Amino acid sequence: MDDPIPISALQHWCYCPRQCALIHQEQAFAENVFTLRGQAVHAKVDMPGFETRAGVRVEKALPIWHEKLGLIGKADVVEFLADGTPYPVEYKHGSKNKAAHIAICDEVQLAAQALCLEEMTGRQVVEGALFYAKTKRRKVVRITDSLRDLVAQTVYDVRAMMISSCMPTPVNDERCRHCSLVDLCQPQTLHIAQCNEKALQSALFDPDA
């Protein structure tokens, strides 16, 4: 059986496949202000434990997994309703007013947690929430069929990358400015090199050149 994929890898892949490969394939990591803010937020929920609020059991740092998809991870917070239905809550720094292509990364991570909890408990998880520390507000996320399909596709893509050991090309866009691995990745340098190589190949095979 293939090694399980960390749920965090799905979020990294959706943000940038190259970032995912550097972290989960090359075991590379570096700190910046954004990773430190994230660690500060998660410090509040990284210690395992539980409490009960108004009849709701709240579990922190709960280990979760999905046998069929081959996923493993840890849920920041899971609220178990009176009937035993789990409600995952993923903590994030910043605010919920994120660009759509960034927000979907968080939603895929949350949906993956929901699918794990479904398999573990046998109860359907129809929604969860993203808690953004900056605004101290929750964003409710419906676990739709399309989001479930995106989780499955992302698992497939990450596993294919792991098996092939291929390093995805750099995106070289706005995402790089916030990435702690930008110095290791060298997206601008590699982008220029790739453009030069394409131009050279075009000149070599262009009969009119």
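Taking the Cα centre of the range 5-168 as origin and charging only Cβ (+1 Lys, Arg; -1 Asp, Glu), how large is the dipole, in debye to the nearest 20?
Numbers: 20 positive and 18 negative charges, 130 e Å.
In debye, rounded to 20, the range 5-168 gives about 620.
Quick one: 3J(HN,Hα) in Hz for the range 16-21, Karplus 6.51/-1.76/1.60 with θ = phi - 60°, rounded, Gly and Pro as x.
In residue order, the calculated couplings are 6, x, 5, 4, 4, 5 Hz.
How large is the dipole of the range 70-137 about the Cα centre if only Lys and Arg carry +1 and Asp and Glu carry -1, each at its Cβ, rounded to the nearest 20 debye?
Details: 8 positive and 9 negative charges, 92 e Å.
Computed about the Cα centre, the dipole is about 440 debye.
Tell me, in nm to one decimal, what length is gained between ILE72 and ALA54 on full extension, where the rule is 0.36 nm per residue of separation less the Cα-Cα distance?
Numbers: separation 18, 0.36 × 18 = 6.48 nm, distance 2.98 nm.
So the chain would gain 3.5 nm between ILE72 and ALA54.
Provide the per-residue ³J(HN,Hα) series for the range 149-163, in order, calculated from phi with Karplus coefficients 6.51, -1.76, 1.60 and θ = phi - 60°, each as a whole number of Hz, with x at glycine and proline positions.
So the Karplus estimates, Gly and Pro as x, are 5, 5, 4, 4, 5, 5, 4, 4, 5, 5, 5, 4, 5, 4, 5 Hz.
Round to the nearest 0.05 the FRET efficiency obtained for MET47 and ARG148 when R0 = 22 Å and r is the Cβ-Cβ distance. List each step's numbers first, then the result.
Working: r = 30 Å, r/R0 = 1.38.
Calculated value: 0.15.
For ALA133, what residues show an amide H to amide H distance below 5 Å, using hydrogens built from the backbone and excluding near sequence neighbours?
Close amide H contacts, sequence-distant or interchain: LYS92, HIS93, GLY94.
Can you sort ARG18, ARG175 from fewest to most other Cβ atoms within 10 Å of each residue's own Cβ?
On the way: ARG18 24, ARG175 19.
Starting with the residue having the fewest Cβ neighbours, the order is ARG175, ARG18.
Take every DSSP beta bridge with both residues inside the range 5-168 and express the antiparallel ones as a percent of the total, to the nearest 5.
For the range 5-168, the DSSP antiparallel bridge percentage is about 80.
Give me the distance between the Cα centres of the range 49-71 and the range 123-185, rounded to whole Å.
Using only Cα atoms to place each centre, the spacing works out to 20 Å.
Can you tell which of CYS116, SER8, ILE163 lies farthest toward the positive end of the dipole of the range 5-168, using +1 and -1 charges on the Cβ of basic and acidic side chains (Lys, Arg; Asp, Glu)?
Most positive-ward Cα: SER8.
Taken together, the values in this text are just the output of simple stated rules run on the coordinates, not laboratory data. It should be emphasised that the depicted structure is a prediction, and the values quoted were computed from it without experimental measurement. Glycine gets a Cβ as well: all are built from the backbone with ideal geometry, and neighbour counts include every protein chain shown.
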